[in-house]
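A short worksheet on the structure shown next.
The values are calculated or read from the model by the stated rules, or taken from the named source; none is laboratory data. Nothing here was measured: the structure is a model prediction, and the numbers come from that model. Heads up, the Cβs are rebuilt from the backbone with ideal geometry, glycines too, and the neighbour counts pull from every protein chain shown.
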Amino acid sequence: MDTSSVTAEGSACISERQNSILTTGKSKSSIHCADDSLAGSVSQRACVFCGARVVLNPVTDAAHLVHGPIGCATYTWDIRGSLSSGSEMYRNSFSTDMKERDVVFGGEKKLATCIDEIMGKYNPPAIFVYSTCVSGMIGDDIIAVCKAASERHATDIIPVESSGFLSGNKVVGYRAAAIALMQLIKPREGDTVKKTWKLNFLGEYNLGGEKWVVERYLREIGIEINVAFTGDSTVAALKQAPGAYLNLVQCTGSMHWVAMSLEQEFGTPYLDVNFFGAANTAESLRKIAQFYGDAGMIRRTEALIEHEQARIQPVLQKYRKKLAGKRAAIYVGGAFKAVAIIRQLKELGMEIVLTGTQTGKKEEYDNLSTLLDPGTIIIDDANPAELEKFLLEKNVDVMAGGVKERVLAYKLGIGFVDHNHDRKDGLAGFDGAVRFAREVYVTTCTPVWSQLKATGRRG
Ligand code: SF4
């Protein structure tokens with residue numbers, strides 16, 4: 001691998017990565033994305049198993065059993081800041097704790113014993129069994145073990161084929177989780193699913209209670225949520241998913257495939273929505289009301305938006321005065337979140353100088369480019385060296401990102417806003433927009449950064 005610095009338009013630290021970085025207004029070709037990470041590049045992405053676990057872990061009454069060495073189980077119950085209104089089963093973490101002996105002789109017996117133990121002690125309505133690199137590599141047949149255990153216990157023991165090595169792209173883990181969900185909700189012989197006017201809310205994980213915020217808006221305009229995938233969901237509620245009138249999709253990366261599968265199998269249409277930021281929230285509510293086409297609902301939606309905007313805009317205006325002209329960078333997991341943050345920061349009068357995602361698709365990057373000013377760096381599947389380079393080059397004041405970007409930003413003396421899946425504060429809806437603006441203001445305008453600059457220690 002040629003690691004010499006290249007001065008081409010992409011300016012990557014590793015030459016093989018130049019097509020994964022572009023500058024708006026300059027680049028003629030499309031960004032290279034939706035592919036495996038380049039070996040040795042030290043991607044900011046997590047593994048396939050992590051991708052599957054972030055999608056499934058919020059199912060509150062299911063048990064989550066990681067079939068692998070104990071190290072994999074560090075991606076554990078707090079991988080999402082999802083809240084529950086009922087069961088706390090999901091806040092346990094189970095692992096088969098594979099050892100050398102299991103690698104040599106196979107881990108299937110141990111897995112079956114663990115399943116029996118969980119059923120004996122907790123009797124959950126479902127267990128998700130995740131394969132990891134080690135169990136996948138030695139060829140443990142988790143599908144067969146889960147099938148036998150399902151029959152033994154007459155309950156849903158669902159295999160999740162999420163061995164970390166399956167791909168260098170976490171999206172493969174999202175798909176493994178989606179397949180597991182479709183297996184769980186597929187009606188069995190004799191099951192009845194009642195058709196309703198309710199909607200399912202896909203790609204909503206109830207971080208800090210965000211699902212409850214949207215639920216309140218929807219209830220106010222006259223719609224009930226059937227079940228969210230997967231925030232604050234239960235196994236029984238998920239099995240009623242085919243009865244919904246409409247599916248909303250928020251986190252597109254993790255849930256578009258599920259939405260398409262639900263449309264194919266049960267004829268349920270879907271709409272993309274985004275409840276991060278005041279403008280996005282208003283747009284999404286209008287879209288939903290228009291879909292139902294009920295005049296009373298459309299009227300109630302407009303009244304809700306008018307009331308909420310009148311309440312929050314004066315507060316946002318105060319932050320706008322402090323933040324206008326500050327330079328921001330965004331690096332997040334999925335493109336839907338990047339779009340939401342771009343809009344919010346722009347509404348605060350800020351300049352976006354760098355944007356990137358771990359798992360964006362070509363059409364999502366095309367959409368992102370239309371929202372950005374010429375000269376903005378767009379980067380797919382970044383590594384820390386690239387982020388550091390552009391954060392310094394672009395003289396960034398604040399970065400919005402996830403857990404791995406936080407350290408980098410602070411190390412460089414840059415403000416940081418957490419928009420990760422393990423965050424505990426809700427940022428959705430109108431009040432979420434105010435909370436986000438406050439967080440951006442506090443971290444950007446804290447005097448600590450000017451102190452660091454004065455002592456020459458910034459960057
Ligand atoms: S599945 Fe593989 S890559 Fe993921 S945590 Fe386990 S060992 Fe690491």
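Quick notes
- Residue ID - farthest from the ligand (Cβ to nearest atom), chosen from residues in the stretch 28-48 that are over 30 Å from residue 73 (Cβ atoms) and touching a residue at least 40 places away in the same chain (Cβ under 8 Å): 30
- Residue among 355, 370, 359 that is part of a loop (DSSP other than H, G, I, E, B) and either crowded, with 18+ Cβ neighbours inside 10 Å or modelled with pLDDT under 95 (or both): 359
- Residue in the stretch 53-91 that is surrounded by the most Cβ atoms within 10 Å (Cβ to Cβ), counting only those that are assigned to a loop (DSSP other than H, G, I, E, B), at pLDDT below 95 and more than 12 Å from the ligand (Cβ to nearest atom): 80
- Entry remark, the stretch 149-178: residues being under 19 Å from residue 68 (Cβ atoms), under 17 Å from the mean Cα position of the chain (by Cα) and away from the ligand (no atom under 16 Å from the Cβ) number 0 in total.
- Residues that are within 16 Å of the ligand (Cβ to nearest atom) and in the same structural domain as residue 55 (by TED's automatic domain parsing) do occur in the stretch 141-148.
- Flag if residue 119 is in contact with a Pro (Cβ under 9 Å, 6 or more places away or on another chain) and modelled with pLDDT of 95 or more: no
- Any hit, the stretch 101-120, residues being within 16 Å of the ligand (Cβ to nearest atom), acidic (Asp, Glu) and either part of a strand (DSSP E or B) or closer than 30 Å to residue 362 by Cβ (or both): no
- Residue match in the stretch 253-261 (condition: touching a residue at least 60 places away in the same chain (Cβ under 8 Å), over 19 Å from the mean Cα position of the chain (by Cα) and closer than 28 Å to residue 363 by Cα): yes
- Looking across the stretch 380-418, the residues that are under 18 Å from the mean Cα position of the chain (by Cα) and in a strand (DSSP E or B) come down to 380, 399, 400, 401, 417, 418.
- Checked against (1) of a type outside the set (Lys, Arg); (2) assigned to a helix (DSSP H, G or I); (3) out of contact with any Asp or Glu (no Cβ under 7 Å at 6 or more places or on another chain), residue 444 passes all but condition (3).
- Every condition in (1) out of contact with any Lys or Arg (no Cβ under 7 Å at 6 or more places or on another chain); (2) more than 26 Å from residue 202 (Cβ to Cβ) holds for residue 341 except the one numbered (2).
- Contact map, the stretch 167-189: residues that are part of a loop (DSSP other than H, G, I, E, B) paired with residues that are basic (Lys, Arg), Cβ distance under 6 Å, separation 6+ or inter-chain. Pairs shown: 170/45.
- Note on the stretch 314-337: residues that are of a type in the set (Gly, Ala, Ser), outside any strand (DSSP E or B) and at pLDDT 95 or above amount to 2.
- For first residues located in the stretch 57-84 and farther than 17 Å from residue 211 by Cβ and free of Cβ contacts under 8 Å to residues at least 12 places away in the same chain, partners that are away from the ligand (no atom under 16 Å from the Cβ) and in a loop (DSSP other than H, G, I, E, B) and lie 6+ apart or on another chain with Cβ distances below 9 Å do not occur.
- Test: residue 105 is surrounded by fewer than 18 Cβ atoms within 10 Å (Cβ to Cβ) and among the hydrophobic types (A, V, I, L, M, F, W, C): yes
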